[in-house]
1. Using a 10 Å cut-off around each Cβ, can you sort 53, 71, 145 from fewest to most neighbouring Cβ atoms?
2. Using 1/(1 + (r/R0)^6) with R0 = 22 angstrom and r between the beta carbons of residue 122 and residue 143, what's the FRET efficiency to the nearest 0.05?
3. With each label point set 7 Å from Cα along the Cα-Cβ vector, what nm distance links residue 75 and residue 51?
4. R0 = 30 Å: FRET efficiency of residue 29 with residue 91, Cβ-based, nearest 0.05?
5. Run through every distinct alpha carbon pair of the range 44-134 and return the Kirkwood hydrodynamic radius in angstroms, one decimal place.
6. So, R0 is 22 Å and r is the distance between the beta-carbons of residue 62 and residue 103; what FRET efficiency does that work out to, to 0.05?
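No lab work stands behind these numbers, since they all come straight from the coordinates. All values derive from a computational prediction rather than experimental measurement. When we count neighbours, we look across all protein chains shown, and the Cβ atoms used for this are built from the backbone with ideal geometry, even at glycine.
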Amino acid sequence: MFRHSKPAALTAAAILTAGLAVPAVTANAAPATAAECVQAGLVWVHVQYDETTTGACAEKFRTAQEALLDTGLTTQTDAYVTEIDGRTAKDREWWSVYSKSPADGAYPAEWEFAQVGLGQLELSASDVLALVLQPDWEVDAVAPTADPVEGVTLDATPTPEPSTPAATPSLVPSTPAATPSAATPTPAKPTVAPTVKPGLPDSGV
């Protein structure tokens, strides 16, 4: 039988601590879904390995490494990360890195394979970072098969239309056009001889 050594023996300090702890956790909680995360201007970290698909929202994301550490999905600070979400790459396995950024409020269908390491890959607000465990480093990497932001659109900030200034009425009376004098003949327009063979620009032909 399960026994309590001190039934109902919570001290006042313990009750106060318990009461203060819950609001603090709730206040600091990051968005739980990819859509909420990117719509809040944060970075969603998407992870795929074996049969598992998971992810978390990063509030710090200057680089991909900072974003991954901020989610708690890894604690490794080395340039080459081997363990994510408790899954360690073994033998020839390795973690590949992908990302995608929104354009005009929408995300592209294709993932962009990272050409630099986690510490050099810079991220921006509402980006998505993906890490996929690959079975063999000698075989071409396979992009994520799941898209956490498929169909997600961001609220675009409307760009104000430039206003056209109203025309200011002139206070100076217009001068009537001069009537050509009959004594002054109007000069004839010069006649330009047509080009027989026009050349192509910069070709010399």
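1. So the ranking, lowest neighbour count to highest, is 145, 53, 71.
2. So the FRET efficiency works out to roughly 0.65.
3. According to this spin-label approximation, the distance is 2.9 nm.
4. Given R0 = 30 Å and the Cβ-Cβ separation, E is 0.20.
5. Kirkwood radius, the range 44-134: 13.2 Å.
6. Plugging the Cβ-Cβ distance into 1/(1 + (r/R0)^6) gives 0.55.
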